[in-house]
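Written below as structure tokens is the structure these notes are about.
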Amino acid sequence: MSNLVTAAFVAAVIVQQLVHARDGAPPGSTLRPIEDAFQPSDRPLLEAFCAKLEGNTAKQKNPHPKGSLAYAAWVCARLGGWTGYYGKPGPIVMLDGWQQFQAAKRGVDLLLSAFDNV
């Protein structure tokens with residue numbers, strides 16, 4: 001039971017970090033690094049998703065610099081179904097997007113491990 005509680009707590013903390021990072025840093029402060037909630041090896045997949053999810057309008061472009069937690073939050077929000085045209089993405093949208101990202105990450109890891117065995 002304690003393992004389940006710990007896993008839920010970790011997921012909740014990551015989702016809250018994404019929600020707080022969604023607007024970038026307040027004026028006069030620095031952006032949080034992506035490594036606060038993701039592994040360094042997640043960056044290429046996040047950047048690939050970003051390239052796929054960006055649209056043609058300014059509202060559908062990721063305004064945050066690569067390598068920042070705000071950049072990753074934008075990607076997770078888009079994966080969670082946020083379009084950029086209505087309000088700010090909340091914790092449910094961030095959770096959905098983070099789960100989509102984690103599923104894709106497991107898929108990529110599985111695919112890469114299959115090629116390593118060939």
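The values are calculated or read from the model by the stated rules, or taken from the named source; none is laboratory data. This structure is a prediction, so every number in the text was calculated from the model and none was measured. No Cβ is skipped: glycine too gets one built from the backbone with ideal geometry, and neighbour counts run over all protein chains shown.
What to note about this one:
- Number of positions in region 1-49 that are of a type in the set (Phe, Trp, Tyr) and over 25 Å from Gln60 (Cβ atoms): 1
- Yes/no for Gly24 being surrounded by 13 or more Cβ atoms within 10 Å (Cβ to Cβ), of a type in the set (Gly, Ala, Ser) and at positive phi: yes
- Test: residue in region 10-19 that is over 24 Å from Pro65 (Cα atoms), in a helix (DSSP H, G or I) and out of contact with any helix residue (DSSP H, G or I) (no Cβ under 9 Å at 6 or more places or on another chain): yes
- Gly55 exposed (fewer than 15 other Cβ atoms within 10 Å of the Cβ), within 28 Å of Leu111 (Cα to Cα), modelled with pLDDT of 90 or more and not acidic (Asp, Glu): no
- Matching helices (runs of 4 or more DSSP H) fully within region 35-118 where at least 2 residues are touching a Lys or Arg at 6+ places or on another chain (Cβ under 6 Å) and closer than 23 Å to Ala25 by Cβ: 69-79
- Evaluation of Ile34 against (1) loosely packed, with under 15 Cβ neighbours inside 10 Å; (2) touching a Leu at 6+ places or on another chain (Cβ under 6 Å) (one fails), failing number: (1)
- The condition of being surrounded by 13 or more Cβ atoms within 10 Å (Cβ to Cβ), farther than 23 Å from Ala11 by Cα and of a type in the set (Gly, Ala, Ser) holds for only one of Gly67, Gly84, Gly80, that being Gly84.
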